[in-house]
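Note sheet for the following structure.
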Amino acid sequence: MADLVIARNPDPDSTLAYLVWVPLGDGLVFRTSDTWPRTKALYCHPVDRDEWPDGPDVVERMPLRQCARYGAAIDVVADRHREKRSQVVYTRARGREMVFWQSPRTRKQARPQVRTPTARAAGTEAAPEIVVDSHERYAYRFAGQQVSTTKRALSCGDYAIVVGDTLVASVERKSPADLVGNLLDSTLRHAVAELATLSRAAVVVEDRYSQVFALQRVRPALLAEGLAELQVRYPTVPIVFAETRSLAEEWTYRVPRGRLDLGARRAGDRRPRPRRELRDRPGDRPGADDGRGALRAREH
C-alpha cells in the first residue's frame with residue numbers, strides 16, 4: 001500500500017498551508033489547513049495532480065493499511081497506533097461540491113450520542129399536524145414523534161402549524177452552508193422579515209455556532225455582524241443553533257406547538273378578573289363607608 005504524503009503548499013498566497021497526496025487511483029491532491037483532522041473536520045480543496053511539486057517539502061509520510069472509496073467517502077487507515085482512522089468525504093454545499101477530511105473524534109464532536117425524547121409535545125391532546133413546505137428537498141420525517149405531516153406550499157418557513165387557513169407558527173431550517181450563503185446574498189434577511197410577520201417563528205441551524213466560522217473564504221466578522229443585525233432587527237424570530245440535524249428536528253417538532261400553547265395561555269390570562277376580586281377594593285366591600293353616605297344624609 002502506498003503512503004499518504006503531506007507537504008507544505010509552495011503557494012505563499014494560499015490560506016491552505018498544506019498539500020495532501022491521497023494514493024487512490026492515479027492519485028488525488030488536495031489543499032488543506034492541517035496535517036490531520038484532530039479538532040475539526042478539515043476543508044480540502046481539490047487541485048490537479050500537476051500542482052504537486054517535483055521536489056515537495058514533505059512534512060509527513062504516512063504508511064497506510066487501507067485507502068478505498070465507498071460511495072461518497074474515501075476510507076483512509078494509517079498503519080500506526082494513534083490517529084489512524086479517517087475519511088475524505090465528498091458532499092454538496094451552496095450548490096457546489098465540497099470535500100472534508102474527518103476523523104472519528106471530529107465526527108463524535110459533531111454528532112453527540114444523545115437520545116431525543118419521544119414524549120408528546122406539551123399542550124397537545126391529539127397528535128399535532130405539521131405542514132412541511134413542498135419545496136423542502138430533504139424534509140424531516142419526525143419518525144420517532146407522535147405527529148402527522150402534510151406537504152403544501154408555505155408562504156414562509158419550512159415547517160409550520162396551520163389553524164384553518166391561517167399560518168400561525170413557522171420554523172425555517174438551515175444548514176451552516178445555507179445559512180452563510182443566504183446571509184451573504186440577503187436571502188436570509190428577506191426570509192426572516194417574512195417570518196417576523198407571524199406571531200411565532202424561528203430559524204433553526206443544524207450545527208453549532210462555531211462551525212459557521214469554520215467555513216473557508218468567508219470573513220468571520222462579517223457573518224457575526226450579519227447574524228447580530230438580524231437578531232436586533234427581528235427580536236421575535238430567534239436563530240437557534242441545534243448542533244446536529246436530529247436535534248434540530250426535535251427542536252422543530254416541539255417549539256411551534258409549545259409557543260402556540262404558551263400564546264393561548266397568555267391570551268387566557270388577559271380575561272377580566274372575577275367579580276369577587278373587584279369587590280376587594282375598599283369602596284366596594286359590603287358595609288364600607290367612604291364618606292358618601294354621610295354626605296347623602298346631610299343633603300336629606
- Screening Asp48, Asp79 for residues that are touching a Leu at 6+ places or on another chain (Cβ under 9 Å) and of a type in the set (Asp, Glu) leaves only Asp79
- Message: Among the residues that make up the range 37-45, is at least one of them surrounded by fewer than 18 Cβ atoms within 10 Å (Cβ to Cβ) and of a type in the set (Ser, Thr, Tyr)?
- Response: yes
- Run down Thr39, Thr91 and say which single residue is under 21 Å from the mean Cα position of the chain (by Cα) and assigned to a loop (DSSP other than H, G, I, E, B). Thr39
- Message: Show the residue pairs meeting these rules: Cβ distance below 9 Å; 6+ apart or different chains; first residue within the range 1-23 and assigned by TED's automatic domain parsing to the domain that holds Val77 and part of a strand (DSSP E or B); second residue charged (D, E, K, R) and surrounded by 19 or more Cβ atoms within 10 Å (Cβ to Cβ).
- Response: Tyr18/Arg31; Leu19/Arg31; Val20/Arg31
- Query: Looking at (1) exposed (fewer than 15 other Cβ atoms within 10 Å of the Cβ); (2) of a type in the set (D, E, K, R); (3) over 27 Å from Ser210 (Cβ atoms), can you tell me which one Asp3 breaks?
  - Reply: (1)
- Query: If you take the residues of the range 115-163 that are β-branched (Val, Ile, Thr) and modelled with pLDDT under 70, which of them is farthest from Ala191 (Cα to Cα)?
  - Reply: Thr118
- State the number of residues belonging to the range 189-204 that are of a type in the set (Gly, Ala, Ser) and surrounded by fewer than 21 Cβ atoms within 10 Å (Cβ to Cβ). 4
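The values are calculated or read from the model by the stated rules, or taken from the named source; none is laboratory data. Everything numeric in this text was worked out from a predicted model, so none of it was measured. Because the Cβ atoms are built from the backbone with ideal geometry, glycine has one as well, and the counts that use them run over all protein chains shown.
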